[in-house]
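**Student:** Input: one structure, supplied below.
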Protein chains: 2
Amino acid sequence: LAHSPPDHSRLSLNQKTTNNWSVRQAVEGCARAGIPFIGLWRDKVADTGLARSARLVRDAGLRVSSLCRGGMFPAATAAGRRASLDDNRRAVDEAATLGTDVLVLVCGPPLDLNLDAARAMVEEGVHELAPYAAQAGVRLGIEPFHPVLMTERSVIVTLAQALDIAVRFDPSRVGVIVDVYHVWWSPDLYSQIARASGRIFGFHANDWLSPEPDLLLSRGMMGDGPIEIRRIREAVDETGYTGPIEVEIFNQDIWNTPGDDTLALMKERYAACV
Amino acid sequence: LAHSPPDHSRLSLNQKTTNNWSVRQAVEGCARAGIPFIGLWRDKVADTGLARSARLVRDAGLRVSSLCRGGMFPAATAAGRRASLDDNRRAVDEAATLGTDVLVLVCGPPLDLNLDAARAMVEEGVHELAPYAAQAGVRLGIEPFHPVLMTERSVIVTLAQALDIAVRFDPSRVGVIVDVYHVWWSPDLYSQIARASGRIFGFHANDWLSPEPDLLLSRGMMGDGPIEIRRIREAVDETGYTGPIEVEIFNQDIWNTPGDDTLALMKERYAACV
């Protein structure tokens, strides 16, 4: 199983990869390209409408691999943290409506100089959200981010750290998202992937382009950078993960490319590199 | 001791902070500013001449906190690795001539897609260099680099990883350099600093500016970013480290500033933030 050939049965288009496409366009693009999964983003779902997005996906016979994003837990005030929790509950509801059982958590940056406080707020946020998500049948996938994005996106910066939070919960409820861009540099990557066994709720493929002016946009197509994507994918599969493999690429050049071209290249590189 | 007030008795100008200054100019600048230590770079020492640099420093009554840099161990061929070892031995000799017992190791990027091979070459390189350095009375300080610089500078990206190499050697011979820019994001920073007790051969102060176009140049003056520098310095001191505190800032704006102004600001921020 772990070394099964990478046919396209697990391939998912994370819709950030085709950032200029609406939900409808992305759904139709996947249908044309024969891509069975799509990863949705809340802002684009909101643009199209939640019910309409759910219907578009269902009518096209697509499955939703995940919804991005919940998280962003740190807030300066108790009211701010309650607002964050409320928003996360809405994200859980949206995930359920869209027919996916995975909500990706981008945990949030530090508020000021205090990393410890932000990390404690993340732990508390997951703790508060977990029962609600469990009731809705939605799993929470904590996505560790590359340390370079810590002050922009997430104080959770290693797989080990994400797992330290996840292991306090039932493995069927709280787990991790492994995005190769965020974790490939880690000296203990493979031991932490093994440790994540049973808790990997998503796998994101892309590549590392460095140095680039905009760190958020410096992700590349698989094969355009140095990441050992196949090795990481095989290690993830060894843990028993058999779920979708999302291609998620933040990259202005790719966004400027016609979506169908991107999907064609994505399928080719998926077969060659993932 | 650990909480001793940050007077300037441990302050060191890493000469990269005043990149437009020659060794002579940096030495004179430190003398004018009453800064007792200087961290030298081999390229600038070569420009001025090794013997002349040593004499300039000695005549000014300055002490050399470290020499940058050895390392860059990975090479594609056995001949390349021998050349790297030869260059590292010259770096050891230069450190001894300049009157410092600390050679900073920037371990080197991966050659191609294979991180494991590069990391093995780093371990092998330190192993081969250590006896020569011990004979010369020069300690090897492995500097872990921020993961964002892995493909540019170093496959050693965490303090834990640097220590995993260092602990195989006598603690008086191989240790680590703690640069706040490179390690501040780590969830296990303080436990790894504690683990480094007796092996911290240098402490570098600066700050994190993000996002910046050029990652190599995105270091800032202490206090201009989010790093808890004082907390990290106190943790380092708690391990028993009483050595110099180098200010090392790669930043074009700072380089464009008159050196004396930079040193004045550096002293002020050192007192306020380090």
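The values are calculated or read from the model by the stated rules, or taken from the named source; none is laboratory data. Just so it is clear, the structure is predicted and the values come from calculations on it, not from any experiment. Using ideal geometry, Cβ is built from the backbone for each residue, glycine included, and neighbour counts are taken over all protein chains shown. When the accessible area is computed, the model is the full protein with side chains, heavy atoms only, and any ligands, DNA or RNA have been set aside. Shrake-Rupley method; radii C 1.70, N 1.55, O 1.52, S 1.80 Å.
**Student:** How high is the relative contact order of the stretch A:186-274, given as a whole-number percent (alpha carbon pairs under 8 Å, six or more residues apart)? Could you put the intermediate results ahead of the total?
**Tutor:** On the way: 104 pairs, mean separation 32.1, N = 89.
Here the relative contact order equals 36 percent.
**Student:** If you wrap chain A's Cα atoms in a convex hull and average its projection over all directions, what's the area in nm²?
**Tutor:** For the Cα atoms of chain A, the hull's average projected area reads 13.2 nm².
**Student:** Give the average over all directions of the projected area of the C-alpha convex hull of the stretch A:1-89, one decimal, in nm².
**Tutor:** Working: hull surface 30.9 nm².
Approximately 7.7 nm², given one-decimal rounding.
**Student:** Report P(r) for the protein assembly as shown: all Cα-Cα distances, bin width 10 Å, range 0 to the bin holding the largest distance, values in whole percent.
**Tutor:** 4, 18, 26, 24, 15, 10, 3, 0, 0
**Student:** So, one more: Go through the stretch B:152-201 and name the trypsin sites (Lys or Arg not before Pro) that are in a DSSP coil and have 12 or fewer other Cβ atoms within 10 Å of their Cβ. Could you put the intermediate results ahead of the total?
**Tutor:** Values: sites: B:ARG153, B:ARG168, B:ARG173, B:ARG195, B:ARG199; in loops: B:ARG153, B:ARG168, B:ARG173, B:ARG199.
Counting only loop positions with at most 12 other Cβ atoms within 10 Å, the trypsin sites (Lys or Arg not before Pro) in the stretch B:152-201 are B:ARG168.
**Student:** How many angstrom lie between the C-alpha centres of the stretch A:162-195 and the stretch B:16-35?
**Tutor:** 46
**Student:** Per DSSP H run of n ≥ 4, the term is -39500 (n - 2.57); total these for chain B, divide by its residue number, and report the mean residue ellipticity at 222 nm rounded to 500 deg cm²/dmol.
**Tutor:** One gets -13000 deg cm²/dmol as the mean residue ellipticity at 222 nm.
**Student:** Now, a different point. Using 5 Å bins from zero, what percent of all Cα-Cα pairs in the stretch B:92-178 falls into each bin?
**Tutor:** Computed distribution, short to long bins: 3, 16, 26, 24, 16, 11, 3, 0.
**Student:** Starting from the exponent 0.38 and prefactor 2.2 Å, build the expected Rg for the stretch A:1-159 from its residue count and divide its actual Cα Rg by it.
**Tutor:** Rounded to two decimals, the normalised Rg is 1.10.
**Student:** Right, another one. Evaluate the Debye formula for the stretch B:120-274 with equal point scatterers sitting on the alpha carbons, no solvent, and hand back log10 of I(q)/I(0) at q = 0.15, 0.17 Å⁻¹, in q order, two decimals.
**Tutor:** -0.81, -1.01
**Student:** At a temperature of 10 °C and a viscosity of 1.306 mPa s, determine how fast the stretch A:228-274 diffuses translationally according to Stokes-Einstein, using the Kirkwood radius over alpha-carbon pairs as Rh; express D in µm²/s, rounded to the nearest whole number.
**Tutor:** 132
**Student:** If you put a point 7 Å past Cα along the Cβ direction, how far is that point for A:LEU111 from the same point in each other copy, in nm, smallest first?
**Tutor:** List, nearest first: 5.0 nm.
**Student:** Tell me which aspartates and glutamates have Cα within less than 17 Å of B:LYS267's Cα, excluding those fewer than 8 residues away on the same chain?
**Tutor:** By straight Cα distance, B:LYS267 reaches B:ASP7, B:GLU28, B:ASP207, B:ASP224, B:GLU246, B:GLU248.
**Student:** For the stretch A:41-122, take N as its residue count and report Rg(C-alpha) divided by 2.2 N^0.38 Å.
**Tutor:** Relative to the rule-of-thumb radius for its length, the stretch A:41-122 sits at 1.26.
**Student:** Under a 10 Å cutoff between Cα atoms, tell me which one of A:LEU50, A:LEU159, A:LEU105 has the largest fluctuation in the Gaussian network model of chain A.
**Tutor:** A:LEU50
**Student:** With every protein chain kept in the model, how would you rank B:TYR241, A:TYR190 by accessible area, 1.4 Å probe, largest at the top? Don't skip to the answer; put the middle values down first.
**Tutor:** Numbers: B:TYR241 20, A:TYR190 65 Å².
These residues rank, largest area first, as A:TYR190, B:TYR241.
**Student:** For the protein assembly as shown, what is the percent of antiparallel DSSP beta bridges, rounded to the nearest 5? Walk me through the numbers on the way to the answer.
**Tutor:** Values: 4 of 64 bridges.
Looking only at bridges with both residues in the protein assembly as shown, the antiparallel portion is about 5 percent.
**Student:** With +1 on each Lys and Arg Cβ and -1 on each Asp and Glu Cβ, how big is the dipole of the protein assembly as shown about its Cα centre, in debye rounded to the nearest 20? Spell out each step's value before the answer.
**Tutor:** Working: 56 positive and 70 negative charges, 82 e Å.
With only Lys, Arg, Asp and Glu charged at Cβ, the dipole is about 400 debye.
**Student:** For the stretch A:161-246, state the average projected area of the convex hull of the C-alpha atoms over all orientations, rounded to one decimal in nm².
**Tutor:** Values: hull surface 22.9 nm².
Result: a mean projected hull area of 5.7 nm².
**Student:** Continuing with this model, one more query. Mind telling me which of B:PHE73, B:PHE201, B:PHE169 comes out most flexible in a GNM of chain B, alpha-carbon contacts under 10 Å?
**Tutor:** Result: B:PHE169 has the largest fluctuation of those listed.
**Student:** In debye, nearest 20, what is the charge dipole magnitude of the stretch B:170-239 about its Cα centre with +1 on Lys and Arg Cβ and -1 on Asp and Glu Cβ, if you could check?
**Tutor:** In debye, rounded to 20, the stretch B:170-239 gives about 240.
**Student:** Put the label 7 Å from Cα along Cα→Cβ for B:GLY34; what are its distances to the other copies, in nanometres, shortest first?
**Tutor:** Label-point distances to the other copies, shortest first: 7.7 nm.
**Student:** A follow-up question, please. Report, for B:ASP86, each distance to the same residue's label point in the other copies, shortest first and in nm; define the point 7 Å along Cα→Cβ.
**Tutor:** Result for B:ASP86, in nm, nearest copy first: 7.1.
**Student:** For Cα pairs less than 8 Å apart in space and 6+ apart in sequence, what is the mean separation divided by the residue count of the stretch B:101-224, i.e. the relative contact order in percent?
**Tutor:** 23
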